[in-house]
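K.L.:
Submitted below is the structure of interest, expressed as structure tokens.
The values are calculated or read from the model by the stated rules, or taken from the named source; none is laboratory data. Treat the numbers as computed from the prediction; the structure is a model and nothing was measured. Don't worry about glycine lacking a Cβ; one is built from the backbone with ideal geometry, like all the others, and counts go over all protein chains shown. Heavy atoms of the whole protein, side chains included, go into the accessibility calculation; ligands, DNA and RNA do not. Shrake-Rupley method; radii C 1.70, N 1.55, O 1.52, S 1.80 Å.
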Amino acid sequence: MSPKKIPLWLTGLILLIALPLTLPFLYVAMRSWQVGINRAVELLFRPRMWDLLSNTLTMMAGVTLISIVLGIACALLFQRYRFFGKTFFQTAITLPLCIPAFVSCFTWISLTFRVEGFWGTVMIMSLSSFPLAYLPVEAALKRISLSYEEVSLSLGKSRLQTFFSAILPQLKPAIGSSVLLIALHMLVEFGAVSILNYPTFTTAIFQEYEMSYNNNTAALLSAVLMAVCGIVVFGESIFRGKAKIYHSGKGVARPYPVKTLKLPGQIGAIVFLSSLLALGIIIPFGVLVHWMMVGTSGTFALVSVFDAFVRSLSVSALGAVLTILCALPLVWASVRYRNFLTVWIDRLPFLLHAVPGLVIALSLVYFSINYTPAVYQTFIVVILAYFMLYLPMAQTTLRTSLEQLPKGMEQVGATLGRGHFFIFRTLVLPSILPGITAAFALVFLNLMKELTATLLLTADDIHTLSTAVWEYTSDAQYAAATPYALMLVLFSGIPVFLLKKYAFK
């Protein structure tokens, strides 16, 4: 069946949204060209380059694999079984999202330097990332069809075989989106790996800029990361396939019969979940409280902390609203009007996600100075950078909701003579409101923690919670940084709680 023809207004809208996303690519191409062929070959084929690329890819693979396994395990545990403390754990398991990765790394390395290197980096980043896999997988588990699972069990297959043959294929869209999001984030991670002294491709790019002040070379190295990102995006498309997971039969999808775990199973579940919470939230938060109580490296002004909090809150909220408004038409077009244009415009933000935040910030600095100087070093440019950085996060969450929405609902609206925009506004949006809420919460949380672009695009005397933490930590003023970090962690817990309590009902 051929795809429906996309409305002209939707085509124009997604092209308009995609236009600013091309700015970093133009910047990278222009700066890379200025390097010269001989210098480019010398840089790309030196032994150090392959070591850095190997470090980056192994870290990306390790963190992504562990995060997906932990996310699926938690989702299955909460959706299929009943055990003591389930309600508490089901809400608390998302709290690692509240702690920025660089803050978590700072707390761990203040305890022991043994977390430096590959295994420490993989452990800490996995503990920070696995909720990004758990949330969409749990949402998908609530809506998958049980008939395939029942048929598989009736044919004599074990529960493990049934999982791989009947359950996992239905979870592919949610898993694929999580893989894409986590893997691409690992490609461009800088703050955490720098604190843990783990050399990656991104640290090399930052060193080229910060030590050599060589934007051209940094852009060339970014072009390599973009190529790696293209491979990841292509691989995710193959993994996802064309399967649809929405329920299209009569009636409603039957809920899975929840089973009560026996005592050994309950003990195992509680130990497993408690370990995740202890490593991901309790220890980092406890270290922050320790620095707050006994640290003597500096004092803080309550007014300064409050100003940074209000500034972080306002700019993050505006950035999240812009991101959701732009993600909705991109995802709707790619899901309902799938063609070459809609698919690749939908994938463009994921390619951009492989560009380090520093390069995105530099591209916006370059274009704002040369073409719109009035907005240079204003929060307009910061919000635009936020939209470019975290659009994929909104897309992955919204896609799960839209792919589970029956097409018949829109077809009924069309038979009544209603237009595409009216159907989208009155039928589609209310139906995917939980997904919109989840997308807003996830984007907002990450914008509160965003560091690199904010540092470059704001004036030196303007601080958010994240930039204040980073600057005090860089000067080893841990006690002075702690109030900002605690405010960031505590406030981020509110949308995480609301996200888990209401967004995935």
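K.L.:
Within the set of pairs 6 or more residues apart or between chains, which connect a residue that is over 23 Å from Thr473 (Cα atoms) inside region 85-101 to a residue that is open to solvent by 10 Å² or more (accessible area, probe 1.4 Å) and basic (Lys, Arg) with Cβ atoms less than 9 Å apart?
P.N.:
Gln90/Lys500; Thr91/Lys500; Thr91/Lys501; Ala92/Lys500; Ile93/Lys500; Thr94/Lys500
K.L.:
Could you count how many residues in region 146-172 are more than 23 Å from the chain's Cα centre (by Cα), closer than 17 Å to Gln79 by Cα and open to solvent by less than 30 Å² (accessible area, probe 1.4 Å)?
P.N.:
5
K.L.:
I'd like the residue in region 155-206 that is assigned to a helix (DSSP H, G or I) and hydroxyl-bearing (Ser, Thr, Tyr) and, out of all such residues, is modelled with the highest pLDDT.
P.N.:
Initial filter on region 155-206 (assigned to a helix (DSSP H, G or I)): 159-188, 191-195, 201-206.
After this cut, where a residue has to be hydroxyl-bearing (Ser, Thr, Tyr) as well, the list is 162, 165, 177-178, 194, 202-203.
Working: Thr162: 76, Ser165: 73, Ser177: 79, Ser178: 86, Ser194: 81, Thr202: 79, Thr203: 80.
Filtering region 155-206 for residues that are assigned to a helix (DSSP H, G or I) and hydroxyl-bearing (Ser, Thr, Tyr), the one modelled with the highest pLDDT comes out as Ser178.
K.L.:
Also, quick follow-up: Identify the residue in region 318-328 that is open to solvent by less than 10 Å² (accessible area, probe 1.4 Å) and either touching a strand residue (DSSP E or B) at 6+ places or on another chain (Cβ under 8 Å) or not aliphatic (A, V, I, L, M) (or both) and, among all such residues, is farthest from Val343 (Cα to Cα).
P.N.:
Here the residue is Gly319.
K.L.:
Within region 226-238, identify whether any single residue is at pLDDT below 75 and not in a helix (DSSP H, G or I), and answer yes or no.
P.N.:
no
K.L.:
Let me ask something else about it. Among all residue pairs at least 6 apart or on different chains, which show Cβ distances below 7 Å where the first residue, located in region 112-135, is over 18 Å from Pro96 (Cβ atoms) and the second is among the small types (Gly, Ala, Ser) and surrounded by fewer than 24 Cβ atoms within 10 Å (Cβ to Cβ)?
P.N.:
Here the result reads Arg114/Gly120, each pair linking region 112-135 to a residue that is among the small types (Gly, Ala, Ser) and surrounded by fewer than 24 Cβ atoms within 10 Å (Cβ to Cβ).
K.L.:
Right, Ser212: open to solvent by 60 Å² or more (accessible area, probe 1.4 Å), touching a helix residue (DSSP H, G or I) at 6+ places or on another chain (Cβ under 9 Å), polar (S, T, N, Q) and modelled with pLDDT under 75 or not? Steps first, answer last, please.
P.N.:
Working: open to solvent by 60 Å² or more (accessible area, probe 1.4 Å): yes; touching a helix residue (DSSP H, G or I) at 6+ places or on another chain (Cβ under 9 Å): yes; polar (S, T, N, Q): yes; modelled with pLDDT under 75: yes.
It is true that Ser212 is open to solvent by 60 Å² or more (accessible area, probe 1.4 Å), touching a helix residue (DSSP H, G or I) at 6+ places or on another chain (Cβ under 9 Å), polar (S, T, N, Q) and modelled with pLDDT under 75.
K.L.:
Give region 377-403 a look and list any residue that's under 20 Å from Thr22 (Cβ atoms) and more than 13 Å from the chain's Cα centre (by Cα), or say none.
P.N.:
Across region 377-403, the qualifying residues are Ile380, Val381, Val382, Ile383, Leu384, Ala385.
K.L.:
What do you reckon, is Val151 touching a residue at least 60 places away in the same chain (Cβ under 8 Å) and part of a helix (DSSP H, G or I)?
P.N.:
no
K.L.:
Would you confirm whether or not region 124-141 contains a residue that is within 17 Å of Leu196 (Cβ to Cβ), open to solvent by 20 Å² or more (accessible area, probe 1.4 Å) and of a type in the set (A, V, I, L, M)?
P.N.:
Checked against the condition, which is being within 17 Å of Leu196 (Cβ to Cβ), open to solvent by 20 Å² or more (accessible area, probe 1.4 Å) and of a type in the set (A, V, I, L, M), region 124-141 yields no hits at all.
K.L.:
Let me ask something additional. Of Gly265, Gly280, Gly286, which residue is under 24 Å from Leu127 (Cα atoms), within 21 Å of the chain's Cα centre (by Cα) and either surrounded by 14 or more Cβ atoms within 10 Å (Cβ to Cβ) or modelled with pLDDT of 85 or more (or both)? Spell out how you get there, then give the answer.
P.N.:
Details: Gly265 fails: within 21 Å of the chain's Cα centre (by Cα); Gly286 fails: within 21 Å of the chain's Cα centre (by Cα).
Matching residue, one of Gly265, Gly280, Gly286: Gly280.
K.L.:
Which of the residues belonging to region 448-481 are out of contact with any Lys or Arg (no Cβ under 6 Å at 6 or more places or on another chain), modelled with pLDDT of 80 or more and hydroxyl-bearing (Ser, Thr, Tyr)?
P.N.:
Thr454, Thr467
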